[in-house]
Amino acid sequence: MTPDNDSIAARSRGAAQNDAATASRPKAKSHPGRRATSAVLAGLAVVGFSVAIVAPAGLAMSASEPAQAAVTTAYSLASRDAQNITVSVHGATPTAQTRESFDVYVTPKPTPTPTPEPVVASSDSSSSSSSSSSSSSSSDAGPMYYSGGGAPAEWMAAAGIASSDWGYVDYIVSRESGWNPNATNSGSGACGLVQALPCSKVPGNGYDPVDNLRWGNGYAVGRYGSWGAAVAFWSANNWW
């Protein structure tokens, strides 16, 4: 035999001896009861581990509820600590205590005084006021002297004097004013052609020749009855 064949043969003999030894050993018996016990213990261990984890969380949640229920207000604390003291007197009859009523007087607010509304003047009143103001301003400014033209015949005709009386009128006016419409007596204030006194008696303007003659016609007829009678009086007295 070669060296390799010898080693192979040696290994074969060793393997045969091991098999023989294994076959000669008694086989281990199986125990089903032990396996069941081990499974139960393992399950209990898992349950116990789970309880150990979950139980503290549950206790914490249950403990928070009483804590919330324990929260109270200051009023509830004061009412809980308040003492209810009842004093009883021997032989005394308790009677209900009543409070007296009272009235509250409120000072009334003063009634506001109504403010009158401004009155808007109408056009008529405004025109009359403007005319009165213009007349007053004109009177304050001084006499309104006549600056227009014309002749005595025109003025007498416009004043409504009959032409038959023009000679009488010329007699008096020539001596009173010299036919100057703006003639004024510095002493008495008489004005105009016929020297009307006072000058304010003449409707319109005392210095207007037509207005002045119209007033003079009414004066001569009203006082003396005619212009002829007025001339007779003037001739005897130098005034009329």
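Close amide H contacts of ALA196 (hydrogens built in the peptide plane, cut-off under 5 Å, sequence separation of 5 or more or a different chain): CYS191. Ligands, DNA and RNA left out, the accessible area of the stretch 145-240 computed with a 1.4 Å probe is 51% carbon and sulfur. The 3J(HN,Hα) values that the Karplus relation (6.51, -1.76, 1.60; θ = phi - 60°) gives for the stretch 223-240 are, in residue order, 8, 10, x, 6, 5, x, 5, 5, 5, 4, 5, 5, 4, 7, 10, 6, 7, 8 Hz. Gly and Pro appear as x. Around the amide H of ALA183, modelled in the peptide plane, lie the amide H atoms of GLY192, all under 5 Å away and 5 or more residues distant in sequence or on another chain. The listed residues SER164, SER177, once ranked by accessible area (1.4 Å probe) with the largest placed first, stand as SER164, SER177. Peptides 189-199, 166-176 ranked from most to least packed by the mean count of surrounding Cβ atoms within 10 Å: 189-199, 166-176.
The values are calculated or read from the model by the stated rules, or taken from the named source; none is laboratory data. This one's a predicted model, so the numbers in the text were calculated from it and none came from an experiment. Quick reminder, even Gly has a Cβ in these numbers, built from the backbone with ideal geometry, and neighbours come from all protein chains shown. Just so you know, the surface numbers come from the protein's heavy atoms only, side chains and all, with ligands and any DNA or RNA stripped out. Shrake-Rupley method; radii C 1.70, N 1.55, O 1.52, S 1.80 Å.
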